[in-house]
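Presented below is the structure to which this report refers.
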Amino acid sequence: MTKVLGICGSLRAESFNLKLLHHALDVFGGDYEIGSIRMPLYDGDLEDLEGAPIAARRLATQIAEADAVIIATPEYNKSIPGGLKNALDWVSRLDGRPWQDKPVSIISAAAGRAGGERSQYALRLALSPFAPRLLTGREVLIGNASAEFAEDGRLSGERAIKALEANIAALKALIPA
């Protein structure tokens, strides 16, 4: 069975990106889990003293064991949230290359009309040293997010749902048989 890992760049419990991620994982189907980006700020002295935090090692293992990864990221000040970048930094310090050739989809929901376009660009840049297989051409950019989700938290806009379904189908096509 195909295993997918979801990572949400927002820490808020009612985040539109977490809602979007849950919808994406449901569309993907199969076995999935959501990785946590809650970990201390990267600090080389802390790393020398204590090693990588358990949360970073757990996330690296989840990435390595997944057949694909879906990252839902909000846009904070025209970029990715610091917690997401911090998690990428910690994982990069560990042995192995969990992102290497991993199929990855980036999706986003934001209050602005661009739907997180700049955060997606910034995340692509941040992921590039790790050599994942980043999905291109099937963008999911949910602008004016408060109007795109129903009261039950599900994505409700027809255009947004179609974009998400196309994105997930393309991500599945990147997974080796």
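The values are calculated or read from the model by the stated rules, or taken from the named source; none is laboratory data. Because the structure is a prediction, the values reported are computed rather than measured. Virtual Cβ from ideal backbone geometry, glycine too; neighbours counted across all protein chains shown. The accessibility values were calculated without ligands, DNA or RNA, using every heavy atom of the protein model including side chains. Shrake-Rupley method; radii C 1.70, N 1.55, O 1.52, S 1.80 Å.
The Cα atoms of the stretch 112-177 give a gyration tensor whose axes a ≥ b ≥ c have a/c of 1.5 or more with a/b no greater than b/c, which makes the shape oblate.
Using C-alpha pairs below 8 Å separated by at least 6 residues, the relative contact order for the stretch 47-177 is 25 percent.
Scalar couplings 3J(HN,Hα) for the stretch 29-42, obtained by applying the Karplus form with A = 6.51, B = -1.76, C = 1.60 to θ = phi - 60°, are x, x, 8, 8, 8, 10, x, 9, 9, 7, 7, x, 4, 4 Hz; x denotes Gly and Pro. For the chain, a Gaussian network of Cα nodes joined below 10 Å ranks S128, S36, S79 by mean-square fluctuation, and the top entry is S128.
Cα gyration tensor of the stretch 34-177, axes a ≥ b ≥ c as square roots of the eigenvalues: rounded (a/c below 1.5), prolate (a/b > b/c) or oblate? Because a/c hits 1.5 or more and a/b exceeds b/c, the stretch 34-177 counts as prolate. Charged side chains reduced to their Cβ positions (Lys and Arg at +1, Asp and Glu at -1) give the stretch 51-177 a dipole of some 340 debye around its Cα centre.
Based on C-alpha pairs under 8 angstrom that are at least 6 apart in sequence, the stretch 1-71 has a relative contact order of 51 percent.
Between amide H atoms placed 1.01 Å from N, distances below 5 Å from I142 occur with S108, A109, A110, all of them 5 or more places distant or on a separate chain.
Is the shape of the stretch 1-88 rounded, prolate or oblate, going by the alpha carbon gyration tensor and its root eigenvalues a ≥ b ≥ c, with a/c under 1.5 for rounded and a/b larger than b/c for prolate?
Taking the square roots of the gyration eigenvalues as a ≥ b ≥ c, the stretch 1-88 is oblate.
Considering only alpha-carbon pairs that sit under 8 angstrom and 6 or more positions apart, the relative contact order computed for the stretch 27-119 is 35 percent.
Surface composition of the chain: carbon and sulfur atoms hold 50% of the protein heavy-atom accessible area at a 1.4 Å probe. Taking other residues whose beta carbon is less than 11 angstrom from the beta carbon of I106, and scoring Lys, Arg as +1 and Asp, Glu as -1, yields 0. Highest average first, the peptides 144-154, 165-175, 66-76, 112-122 ordered by how many other beta carbon atoms sit within 10 Å of their residues are 66-76, 112-122, 165-175, 144-154.
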